[in-house]
Amino acid sequence: MTMNKSFRFFKWLGSLQLMLVSLSLMMILVVFGTLAQVRIGTFAAQKEYFSSFFVFSDPFGFRMPVLPGGFLVGGLWLINLVAAFLFQFRFVQKKMGLIVIHAGLILLLLGQFLTQILSVESQMAIDVGHSKNYSEIPREMELVFIMTSDPGFDEVTAIPESRLRDGYSFSVPSLPFEVQIKKVFKNARLMMAQGNFEPLATEGVGKQVVAESIPPVSTDDEANNLTVVLEATHQNKTLGTWLVSAGLGAPQELKVQGQSFSMAVRPRRIYYPFTLHLKEFRHDVYPGTTIPKNFSSLVHLTHHETREDRDVLIYMNNPLRFEGNTFYQASFGKNDTLSIFQVVQNPVWLTPYVACILITLGLAIQFMMHLISFVRKRRL
């Protein structure tokens, strides 16, 4: 009896009714997510509605879930497809097309889920004649300590924004001092200290600056001014309190035991074992118009470990794929002297292609089987 109930439950998981519920929820989510883009921007809407298990709101003064998120709806649909694949279909020849189609849909949904949790997108902006070996994630910030006393290289210690909170303390082997976070402003307005406003910092330019907390922004054309007030100590003796902010435009300097450290808040960086040098950027337009025809960047790739050394032309629909990274020609600036690449790290980038091949193959199999059956009946 228990086995029959379990079988009926798994069969219900693969039912057409559950698939229709999943598709209906997905359409509702797409409508509300699209409308939210006007209010909070594309990036925030995608994260809140489609890269979450629930969509939260506070209509009654406290935070509560109001809609299932993309992860939950997509997961429900994935379970429905897997259950239908295992319990609804009989693995016989005449069902082969449907089986292949469902296998493709399962792979497509699974690949999208893995893409959302594993892929990383960043940007690399290079001026003509300059080189870079890192890209930046504009929406993610980090607090960095850079040892600048060695002329040969800079040793960077980075603390991600997600770990920064009031009262957080840490010490790492690369730093000869301890750090305690006194205050974190997710978004701050910086003003010159005057009147009754007391600066929170005792060292650096922060002694003349007051930080006022303001609501975080989420629209695509705005950025939060992450500001951190921290105290550095060495052997239980304070070295002072600094205000480090993305809005200061200059790092703060700290000297300990003859070593110099630069402190700054900046977009999170991803460093690579290779360098791209921008030799030339072209912005072509159609003759007699200002309509863009082509954007292309001629870069020189130099790998510091494998000694690979070659020129690469990156242009629209022709990215550079190298060591798990894809460099797309995304934008430009500074009167066509700056090229901006969108850098994507996606270990499962092949899954959509394989899934589409399976779905196409399944449709072809299903069509051919019906066509053959139709021809045989006509002959009879």
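Just so you know, all these numbers are worked out from the coordinates, no wet-lab data involved. This structure is a prediction, so every number in the text was calculated from the model and none was measured. Neighbour counts run over all protein chains shown; Cβ positions are idealised from the backbone, glycine included.
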- Task: Set the Förster radius R0 to 35 Å, insert the Cβ-Cβ distance between L363 and I146 as r into 1/(1 + (r/R0)^6), and round the FRET efficiency to 0.05.
- Result: 0.05
- Note on the structure: Going residue by residue through segment 183-188, the Karplus relation 6.51 cos²θ - 1.76 cosθ + 1.60 with θ = phi - 60° gives ³J(HN,Hα) values, rounded to whole Hz and with x marking Gly or Pro, of 8, 10, 10, 4, 8, 9
- Task: Give the dimensionless ratio obtained when the Cα radius of gyration of segment 176-217 is divided by 2.2 N^0.38 Å.
- Result: 1.31
- Note on the structure: With the 8 Å Cα cutoff and a minimum separation of six or more residues, the chain has a relative contact order in percent of 18 percent
- Message: Test of understanding: what is the full-extension gain from T42 to A223, defined as 0.36 nm times their sequence separation minus their Cα-Cα distance?
- Response: 63.8 nm
- Note on the structure: For V256, the residues 5 or more places away or on another chain with a placed amide H closer than 5 Å to its own amide H are F261
- Separation in nanometres of the label points that stand 7 Å from Cα toward Cβ, at V256 and V375: 7.9 nm
- Task: Would you list the membrane-span-like helices of the chain, meaning whole DSSP H runs whose alpha-carbon atoms span at least 24 Å along their axis and whose mean Kyte-Doolittle value is at least 0.0?
- Result: 16-40, 96-118, 351-379
- In whole Å, how far is the Cα centre of segment 229-257 from that of segment 67-128? 48 Å
- Task: With Cα extents along the principal axes in Å in mind, check [x] 62, 59, 53; [y] 95, 59, 46; [z] 72, 51, 41 and report the label derived from this structure.
- Result: [y]
- Calculated from DSSP helices alone, with each H run of at least 4 adding -39500 (n - 2.57) and the total divided by the residues of the chain, [θ]222 nm to the nearest 500 comes to -9500 deg cm²/dmol
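Any chance you could run the full-extension gain for N133 through T238? It's 0.36 nm times the residue separation minus the Cα-Cα distance, nm to one decimal.
My answer for the length gained is 34.2 nm.
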- Message: 5 Å is the cut-off here: which amide hydrogens, built 1.01 Å from N in the peptide plane, fall below it relative to S149, excluding neighbours closer than 5 in sequence?
- Response: S260
- Task: May I ask you to list the lysines whose Cα is less than 30 Å away from that of K132, ignoring any residue fewer than eight positions away on the same chain?
- Result: K47, K186, K255, K279, K293, K334
- Compute from the Cα atoms of segment 234-380 the Rg and the Dmax, the latter being the longest Cα-Cα distance, and quote both in angstrom. 26.9, 98
- Overall Cα dimensions of segment 320-380 - principal axes, largest extent first, Å: 73, 26, 11
- Message: Report the Cα centroid-to-centroid distance between segment 5-32 and segment 134-205 in angstrom, as an integer.
- Response: 48 Å
